[in-house]
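The values are calculated or read from the model by the stated rules, or taken from the named source; none is laboratory data. These figures come from a predicted structure and were not determined experimentally. Because the Cβ atoms are built from the backbone with ideal geometry, glycine has one as well, and the counts that use them run over all protein chains shown.
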């Protein structure tokens, strides 16, 4: 398992993205799956950067793990901001027309759809969210 | 991401290249907001766009609404498989005109 901690700001998203992409490339992950994991990373990191902390800001840690027996990669997002379970939110209505659509609420839903599984727990005053994605056949 | 704009009378084409994500969506939003005067048809060319996040979708939705408001239209062309999947999952495939 490898991990890195970033300032939880939108400006740090490219660094987080490079960290994850470099790792996926070293594992020989295909481009389509990499894009799907990037999508989940974008939505979930942005969410932490935008909502987890007040104006004083905070940190976000990413832990990356790969299970060689199953071919499943996992990315765990850890922050010590306010408790927030993204899985508790109902999915948005994706059948609404453009006129009826609000401008938000899609991010978590897209992240959920881009990965195979998402798990959330709150432990030691930390939000711990893990996404799993099978990246290769074993 | 790079944005290449070509204007032909009332038709404005924006060709995007790279990632339309959290970092780059504000650039596109700014371009859209400052370029639509007198435009009747907006074409978003996604041939070289690798990837789109919800921040990108928000800009597309707002561009679509702006064009509708000025009695114009918007279409998205040359969408790759990854981006198309995002459009389908989010219902944007039914909202946008995609060719």
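Tabulated data
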read-out	value
Residue in region A:87-108 that is part of a strand (DSSP E or B) and under 16 Å from the mean Cα position of the chain (by Cα) present	no
Every residue from region B:44-60 that is surrounded by fewer than 20 Cβ atoms within 10 Å (Cβ to Cβ) and more than 18 Å from residue A:40 (Cβ to Cβ)	B:45, B:47, B:48
Some residue of region A:68-83 being within 14 Å of chain B (Cβ to nearest Cβ), assigned to a loop (DSSP other than H, G, I, E, B) and touching a residue at least 12 places away in the same chain (Cβ under 8 Å)	no
Residue check for residue A:43: away from chain B (no Cβ under 14 Å) and modelled with pLDDT of 90 or more	no
Within region B:16-58, considering residues that are over 11 Å from the mean Cα position of the chain (by Cα) and assigned to a strand (DSSP E or B), the one nearest to residue B:85 (Cα to Cα)	B:51
Count of region B:53-86 residues which are more than 10 Å from every other protein chain (Cβ to nearest Cβ), touching a residue at least 24 places away in the same chain (Cβ under 8 Å) and over 18 Å from residue B:39 (Cα atoms)	2
